[in-house]
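*Asks:* Have a look at this one.
Readers should treat all values here as calculations from the given coordinates under stated rules, not as data from a laboratory. Source: prediction; values computed, not measured. Note that each Cβ is placed from the backbone with ideal geometry, even for glycine, and that neighbours are counted across all protein chains shown.
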Amino acid sequence: MLFGQSLFQSVLQRLQDEAADEADGTSAGSHRISGLGSGFVWESAGASHADIDRTRDLYLDLMPDELAELKEQVPKNDPAPEPVMPDHLARTAPMQVAEDLALSPADTLAVLTEKRRSFARANHPDGVADPFRDKATMRMQIANLLIDEAIARLS
């Protein structure tokens with residue numbers, strides 16, 4: 001209880017006081033923006049080179065003229081080079097993938113499992129650039145099919 005009032009009564013009193021202040025136009029300013037949570041953070045993970053350049057240029061425009069020579073010294077971001085397709089991704093025929101896997105009749109289940117993992121480390125679609133994901137997916141599908149057939153022959 002605050003000053004002989006229950007908690008509920010003190011909250012009601014505070015709300016009435018705030019409503020009266022707003023009606024008078026004497027409410028104290030707030031440092032917060034109404035409706036904007038304190039967890040608001042600008043997402044920068046997906047920022048492009050153009051966004052980064054624009055942000056840097058805006059920052060440099062705010063610098064005093066005495067520091068103008070520093071503005072010329074700040075390097076600009078070069079656009080990312082075009083990705084180059086690895087040579088092994090061009091090998092999408094089943095016989096070529098089988099050669100890359102180096103399957104043999106003497107392979108055990110543990111050896112086949114390790115071959116699948118090592119092939120996936122080098123060829124998984126998540127590990128290649130976007131333009132080459134279709135080829136990597138095709139290689140992984142063929143490799144998984146070949147390894148699954150080899151495991152079925154073991155039984």
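*Asks:* Starting at the first residue of the stretch 99-104, write each ³J(HN,Hα) from the Karplus equation 6.51 cos²θ - 1.76 cosθ + 1.60 with θ = phi - 60°, in whole Hz, x for Gly and Pro.
*Replies:* Karplus-based 3J(HN,Hα) across the stretch 99-104 equals 5, 5, 6, 6, 6, 9 Hz.
*Asks:* Hey, fewest Cβ within 10 Å first, where do R139, R54 land in order? Provide the component values of the computation, followed by the final result.
*Replies:* On the way: R139 27, R54 12.
With the sparsest Cβ surroundings first, the list reads R54, R139.
*Asks:* Taking θ as phi - 60°, what are the ³J(HN,Hα) couplings along the stretch 84-91 by the Karplus curve (6.51, -1.76, 1.60), each to the nearest whole Hz, with x for Gly and Pro?
*Replies:* Per-residue couplings from phi come out as 10, 6, x, 4, 5, 6, 6, 8 Hz.
*Asks:* Same structure again: Normalised by the number of residues in the stretch 102-152, what is the relative contact order in percent for Cα pairs under 8 Å and 6+ residues apart? Please list the in-between numbers first.
*Replies:* Values: 25 pairs, mean separation 18.8, N = 51.
RCO, the stretch 102-152: 37 percent.
*Asks:* Working out 0.36 nm times the residue gap between A80 and V111, then minus their Cα-Cα distance, what length gain in nm do you get to one decimal? Show your work: numbers first, answer last.
*Replies:* Values: separation 31, 0.36 × 31 = 11.16 nm, distance 3.93 nm.
Using 0.36 nm per residue and subtracting the Cα-Cα distance, I get 7.2 nm.
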